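Beneath this line is the structure, given in structure tokens, with notes to follow.
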Amino acid sequence: MTRTCAALLAGVVALAAAAHAELITLNPTADARILSIFPNSNFATDILATYHAPGNAQRTLIQFDVGSVPAGATINNVTLRLYGSAFAGAITPTITAAYRVATPWVEAGTTWNAASPGNPWTQAGGDLVGTGGVPLTDPYATWSGNQSGSNSAWYELNVTNLAIEHYLGTYPNYGIGLVGDVGNELVYVQREAPPGYQYPELVIDYTPVPEPASLLASVIGALWFRRR
């Protein structure tokens, strides 16, 4: 390998080493709670929930615009964070699962039965699919643990794979659907809550593509170093 090639390689390696991850925190562009007990009522501005009792299943639809992540970036990790507590003070263990919403919905019009007024879900309770495209099977992420009782806490789900699919356009970004097991009593702060509340967050850790000028500077620097 010539000195010039070695220097060029060193410059590229230097650039890779200089690349650093960045964080961006997004708030929802839309969110809504849908309830089996009120299948035709809209609760778009109400609390969010994965509360699930016999005859009263509640689910959350939530959507984030990941378009603010720069084009060509590498997404390293994505965490969905919801601030909430157990509605009736439960401290028992439970599971909350995250699915891909497969049908567009309207925040101010969605219900348990309909994605938007006049447009029913294919499956009541939302068209929510897992990694294999099957409804309510193989969720993209799960949270499991003891519910926090009446004390509020952050509940976090690693939704990296789903966010990457939305970012790359593998599937249309119709958001995330959250479903709780029977016994789940968790309710969460919604985006419409008054100022001062802890709103839902999507925290994205990504590595941007280096600018061409940075690449050139690194290579020139390596060449200069080699010539000295």
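If you take every residue apart from Pro172 with its C-beta less than 14 Å away from the C-beta of Pro172, what net charge results, scoring Lys and Arg +1 and Asp and Glu -1?
Every neighbour counted, the sum reads -2.
May I ask you to derive the FRET efficiency for Asp181 and Arg81 from their Cβ-Cβ distance with R0 = 25 Å, giving the value to the nearest 0.05?
With R0 = 25 Å, the Cβ-Cβ based efficiency is 0.80.
Hey, what D do you get for segment 93-176 in µm²/s if you plug the Kirkwood alpha-carbon radius into Stokes-Einstein at 10 °C and 1.306 mPa s?
In µm²/s, the coefficient is 113.
In whole Hz and in residue order, list the ³J(HN,Hα) couplings for segment 152-162 that follow from phi through the Karplus curve 6.51 cos²θ - 1.76 cosθ + 1.60, θ = phi - 60°; x for Gly and Pro.
6, 7, 7, 10, 10, 10, 7, 10, 3, 4, 5
Give the separation of the Cα centroids, segment 77-135 to segment 186-200, in Å.
17 Å
Using the Karplus equation 6.51 cos²θ - 1.76 cosθ + 1.60 (θ = phi - 60°), what ³J(HN,Hα) coupling, rounded to whole Hz, does each residue of segment 82-90 give in order, writing x for Gly and Pro?
Here the 3J(HN,Hα) series is 10, 9, x, 7, 7, 4, 10, x, 5 Hz.
None of the figures in this text is laboratory data; all of them are computed from the coordinates on show. These numbers were taken from a predicted model, which means no experiment stands behind them. Quick reminder, even Gly has a Cβ in these numbers, built from the backbone with ideal geometry, and neighbours come from all protein chains shown.
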